Amino acid sequence: MEKILIAEDSPALANLLEYILSKAGFQVSLFRNGTLACEAAAREHFDLIMLDQQMPGMTGVEVLRSIRSAGPNDTTPIFLCTAKTHELDLQTLEDTRQITGIFHKPFSPKKLVEKLRGVLSTQQP
């Protein structure tokens, strides 16, 4: 079972993501702020990571940069979820391979699961 780290501070969206992804067969570790997500990613390997951009503690981009600097998830696929795409240089994040992709809120749960499965299937040995 693939392990997914989710960092999302919105209780409604966090619960929805946890439900949808668990039902799709993923093992979900949910964190409600960037600092806790960053600490978990430094300790444990995940098969995929989803980060909300606007969170308490650390933003999604700050968590992303910390994860990419060292540790067990320095090459793990990471998706950023954001409703405020105009505030970030998303193209640079994608071009530098720091980020696997971006989900623009609101997004389709069905398409989310399809995309994650697709990325994970290309990661298998």
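The values are calculated or read from the model by the stated rules, or taken from the named source; none is laboratory data. Bear in mind the structure is a predicted one, so any value in this text is a computation, not a measurement. No Cβ is skipped: glycine too gets one built from the backbone with ideal geometry, and neighbour counts run over all protein chains shown.
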**Request:** State yes or no: is residue 29 farther than 16 Å from residue 79 by Cβ, polar (S, T, N, Q) and out of contact with any His (no Cβ under 9 Å at 6 or more places or on another chain)?
**Result:** no
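So how many residues does the range 1-26 have that are among the charged types (D, E, K, R) and farther than 15 Å from residue 76 by Cβ? Before the answer, list the steps.
Looking only at the range 1-26, we keep the residues that are among the charged types (D, E, K, R), and these are 2-3, 8-9, 18, 23.
Still in the running and farther than 15 Å from residue 76 by Cβ: 8-9, 18, 23.
So the count comes out to 4.
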**The one condition in (1) touching a strand residue (DSSP E or B) at 6+ places or on another chain (Cβ under 6 Å); (2) touching a residue at least 40 places away in the same chain (Cβ under 8 Å); (3) aliphatic (A, V, I, L, M); (4) surrounded by fewer than 22 Cβ atoms within 10 Å (Cβ to Cβ) that residue 21 fails to fulfil** = (4)
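Identify, please: which residue in the range 57-85 is assigned to a loop (DSSP other than H, G, I, E, B) and of a type in the set (S, T, N, Q) and is, among those, surrounded by the fewest Cβ atoms within 10 Å (Cβ to Cβ)?
The first filter runs over the range 57-85 and keeps only residues assigned to a loop (DSSP other than H, G, I, E, B), leaving 57-59, 70-77, 83-84.
If we keep only those that are of a type in the set (S, T, N, Q) as well, we get 59, 73, 75-76.
Numbers: 59: 19, 73: 22, 75: 10, 76: 20.
That would be 75.
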**Asked** Somewhere in the range 36-44, is a residue outside any strand (DSSP E or B), under 14 Å from the mean Cα position of the chain (by Cα) and touching a residue at least 40 places away in the same chain (Cβ under 8 Å)?
**Response** no
**Asked** So, in the range 3-31, of the ones that are of a type in the set (Val, Ile, Thr) and within 12 Å of the chain's Cα centre (by Cα), which residue ends up nearest to residue 61 (Cα to Cα)?
**Response** 6
**Prompt:** Within the range 22-35, which residues are in a helix (DSSP H, G or I) and in contact with a Pro (Cβ under 9 Å, 6 or more places away or on another chain)?
**Reply:** 34, 35
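Each row is one residue, and each column tells you yes or no for (1) at pLDDT below 90; (2) more than 16 Å from residue 54 (Cβ to Cβ).
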position: 77; (1), (2): no, yes
position: 81; (1), (2): yes, no
position: 92; (1), (2): yes, yes
position: 97; (1), (2): yes, yes
position: 101; (1), (2): yes, yes
position: 105; (1), (2): yes, no
position: 116; (1), (2): no, yes
position: 119; (1), (2): no, yes
